[in-house]
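The structure appears below as structure tokens.
The values are calculated or read from the model by the stated rules, or taken from the named source; none is laboratory data. As the structure is a computational prediction, the values presented were derived from the model and not from experiment. Positions of Cβ are generated from backbone atoms using ideal geometry, with glycine treated the same way; all protein chains shown enter the neighbour counts.
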Amino acid sequence: MASRIITFASVVATLIFCSSTLFAGDGGSVMCELNVRERYEYYDIIGNNIDELQKQMNKNGTRWHDGIVYTGLTSWKIDYVYDITSKGGRYGVKSASTKVDIVYRMPRMRLAVADLELTALWNEYQERLLYHEFGHKDLAVKIASEVNEVLATVPSYGSADELAQEVTRRADEKFKRLKQIQVAYDHETRHGETQGAVLPSGNAQRLAATR
């Protein structure tokens, strides 16, 4: 099994103030914090030509729930928390924080013999592969931002339980939407093919799909 090295990218934190319907007429606002963390996991492949590299990726790539082995894959996890405030028997969101954890699993080429042409071809392919994966990340961050908007604009309720139920319902709608747009993105780009994330091999086959 190929060794795996994990590299951590910097954490990006963005503070935004959202208008709130917390309590009508109070002019208040909800502080929303959005944190995005990205990291990379690599699996090593080795070969002297594209065909050999392709076989390695088909063997060591990530097998997803659909049974397909993907060359590159982006996974994401979105968590949110919020503080509650009350006024006159009404409960609303006081502040909110949403965190997005992004993991890119990517191939890393180890050449058995230095080959400048193959290296250049590989570098261009990997650049376009990352471009496709960053598209998945951007969609996840967009939905996380919309979850913050949900938390900031949900109306007040007569109990904390009612408030929690409505927050959960609205957030779940966003997460369902995220799955739909991620699938649509792969369909529209043909898993990165239209973005150049393909590398023809000597036998006219292509590298495993990206996701």
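Can you list residue pairs whose Cβ atoms sit under 6 Å apart, with the first residue in region 142-160 being touching a residue at least 12 places away in the same chain (Cβ under 8 Å) and under 22 Å from ILE181 (Cβ atoms) and the second being among the small types (Gly, Ala, Ser) and part of a loop (DSSP other than H, G, I, E, B)? Count only pairs 6 or more apart in sequence or on different chains.
These pairs meet every condition: ALA152/SER20.
Could you tell me whether any residue of region 149-171 is surrounded by fewer than 19 Cβ atoms within 10 Å (Cβ to Cβ), within 17 Å of the chain's Cα centre (by Cα) and of a type outside the set (S, T, N, Q)?
There is no residue in region 149-171 that is surrounded by fewer than 19 Cβ atoms within 10 Å (Cβ to Cβ), within 17 Å of the chain's Cα centre (by Cα) and of a type outside the set (S, T, N, Q).
Determine which member of the set GLY25, GLY89 is at positive phi, loosely packed, with under 14 Cβ neighbours inside 10 Å and at pLDDT 85 or above. Working first, answer last.
Working: GLY25 fails: at pLDDT 85 or above.
Going through GLY25, GLY89 in turn, just one is at positive phi, loosely packed, with under 14 Cβ neighbours inside 10 Å and at pLDDT 85 or above: GLY89.
Is one or more of the residues making up region 123-133 in contact with a helix residue (DSSP H, G or I) (Cβ under 9 Å, 6 or more places away or on another chain), surrounded by fewer than 19 Cβ atoms within 10 Å (Cβ to Cβ), at pLDDT 95 or above and within 30 Å of GLN165 (Cα to Cα)?
So far as region 123-133 goes, no, none of its residues is in contact with a helix residue (DSSP H, G or I) (Cβ under 9 Å, 6 or more places away or on another chain), surrounded by fewer than 19 Cβ atoms within 10 Å (Cβ to Cβ), at pLDDT 95 or above and within 30 Å of GLN165 (Cα to Cα).
Among the numbered conditions (1) at pLDDT below 95; (2) among the small types (Gly, Ala, Ser); (3) within 30 Å of VAL93 (Cα to Cα); (4) surrounded by fewer than 19 Cβ atoms within 10 Å (Cβ to Cβ), tell me where SER201 comes up short.
Condition (3) is where SER201 drops out.
Against the condition over 19 Å from THR189 (Cβ atoms) and of a type in the set (A, V, I, L, M, F, W, C), how does ILE84 come out, does it pass?
Numbers: over 19 Å from THR189 (Cβ atoms): yes; of a type in the set (A, V, I, L, M, F, W, C): yes.
So ILE84 passes the test.
Run down ASP101, ASP66, ASP83 and say which single residue is among the acidic types (Asp, Glu) and at pLDDT below 90.
The match here is ASP66.
Quick one: MET106 ticks every box in (1) outside any helix (DSSP H, G or I); (2) farther than 24 Å from GLY72 by Cβ bar one, so which box is it?
(2)
Could you check region 65-84 and list, in sequence order, the residues that are surrounded by 16 or more Cβ atoms within 10 Å (Cβ to Cβ) and either within 30 Å of TYR157 (Cα to Cα) or in contact with a His (Cβ under 8 Å, 6 or more places away or on another chain) (or both)?
If the condition is that a residue be surrounded by 16 or more Cβ atoms within 10 Å (Cβ to Cβ) and either within 30 Å of TYR157 (Cα to Cα) or in contact with a His (Cβ under 8 Å, 6 or more places away or on another chain) (or both), then TYR70, GLY72, THR74, TRP76, ILE78, TYR80, TYR82 are the ones that fit.
Is at least one residue of region 46-62 at pLDDT 50 or above and under 30 Å from GLU166 (Cβ atoms)?
no
Exactly one condition in (1) more than 28 Å from VAL147 (Cα to Cα); (2) touching a helix residue (DSSP H, G or I) at 6+ places or on another chain (Cβ under 8 Å) is false for ILE78; which is it?
Single failed check for ILE78: (1).
Would you mind telling me which numbered condition in (1) surrounded by fewer than 14 Cβ atoms within 10 Å (Cβ to Cβ); (2) of a type in the set (D, E, K, R); (3) modelled with pLDDT under 95 ASP138 fails?
(3) is the only condition that ASP138 fails.
Being without any contact (Cβ under 8 Å) to a residue 40 or more places away in the chain and hydrophobic (A, V, I, L, M, F, W, C) is the filter here; which residues of region 51-85 pass it?
Scanning region 51-85 gives a single hit, VAL81.
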